[in-house]
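Below is one structure, written out as structure tokens, with a few remarks after it.
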Amino acid sequence: MGRYYNGDIEGKFWFGVQSSNDADFFGVDGYQPERLEYEFQTENLPEVEKGIAKCKKELGEYKKKMDDFFKEVNGYNDDIVKEHGFNVYEFNDKLEWYARLKLGENIYKYLKKNGSCYFEAEC
């Protein structure tokens with residue numbers, strides 16, 4: 001069973017890797033009636049950009065490797081990760097940053113295009 005976010009952007013949080021409040025990282029705290037709700041505005045763009053930059057810095061050379069990996073596979077386990085030349089420990093260590101980056105990029109793209117980005121996240 002997965003946890004989803006939906007609204008102006010939609011997606012699924014990475015199981016066992018990404019918490020429902022991961023968008024807090026990009027400068028807006030979610031508020032939680034029954035679900036976390038996020039509303040980003042144009043003035044939040046600098047914080048979103050800062051968060052994306054930090055994710056990229058944490059990923060370093062792994063970003064391109066992980067981009068290539070996830071273009072090829074739809075799911076993964078330790079064996080698949082090893083088959084693609086990754087150290088499983090290092091891969092798992094970077095996975096949260098990679099998932100967070102993808103969320104941040106979705107927020108950024110929508111916010112830049114539309115001036116605001118609202119979504120709800122399952123807890």
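The values are calculated or read from the model by the stated rules, or taken from the named source; none is laboratory data. The structure presented is a predicted model; accordingly, all values stated were derived computationally and were not measured. Here the Cβ is made from the backbone with ideal geometry for all residues, glycine too, and neighbour counts use every protein chain on show.
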For this session: Please specify each residue of region 64-91 satisfying the condition of being hydrophobic (A, V, I, L, M, F, W, C) and in a loop (DSSP other than H, G, I, E, B).
Result: Val73, Phe86
For this session: Output the residue which, of all residues in region 1-24 that are of a type in the set (D, E, K, R) and not in a loop (DSSP other than H, G, I, E, B), is farthest from Leu111 (Cα to Cα).
Result: Lys12
Exercise. Any residue at all in region 97-106 that is surrounded by fewer than 14 Cβ atoms within 10 Å (Cβ to Cβ) and aliphatic (A, V, I, L, M)?
Worked result: no
Exercise. Can you tell me which of Pro33, Pro46 is farther than 13 Å from Lys102 by Cα and modelled with pLDDT of 90 or more?
Worked result: Pro46
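Examine region 25-37 for a residue that is charged (D, E, K, R) and in a helix (DSSP H, G or I), and state whether such a residue exists.
No, because not a single residue in region 25-37 is charged (D, E, K, R) and in a helix (DSSP H, G or I).
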Problem set entry | Scope region 92-117; condition more than 11 Å from Cys55 (Cβ to Cβ) and of a type in the set (Lys, Arg); matching residues | Lys109, Lys112, Lys113
Seminar exercise, completed: Over region 36-56, the set of residues touching a Phe, Trp or Tyr at 6+ places or on another chain (Cβ under 9 Å), among the charged types (D, E, K, R) and over 12 Å from Gly104 (Cα atoms) is Glu37, Glu39
Exercise. Which one of Lys57, Lys94 is surrounded by fewer than 17 Cβ atoms within 10 Å (Cβ to Cβ), part of a helix (DSSP H, G or I) and either in contact (Cβ under 8 Å) with a residue 12 or more places away in the chain or out of contact with any helix residue (DSSP H, G or I) (no Cβ under 7 Å at 6 or more places or on another chain) (or both)?
Worked result: Lys57
Exercise. From the set of residues in region 97-119 that are in a helix (DSSP H, G or I) and aromatic (Phe, Trp, Tyr), which is nearest to Lys71 (Cα to Cα)?
Worked result: Tyr98
Problem set entry | Subset of region 13-54 [within 11 Å of the chain's Cα centre (by Cα) and either surrounded by fewer than 14 Cβ atoms within 10 Å (Cβ to Cβ) or in contact (Cβ under 8 Å) with a residue 60 or more places away in the chain (or both)] | Phe13, Trp14, Val17, Gln18, Ser20, Asn21, Asp22, Ala23, Phe25, Phe26
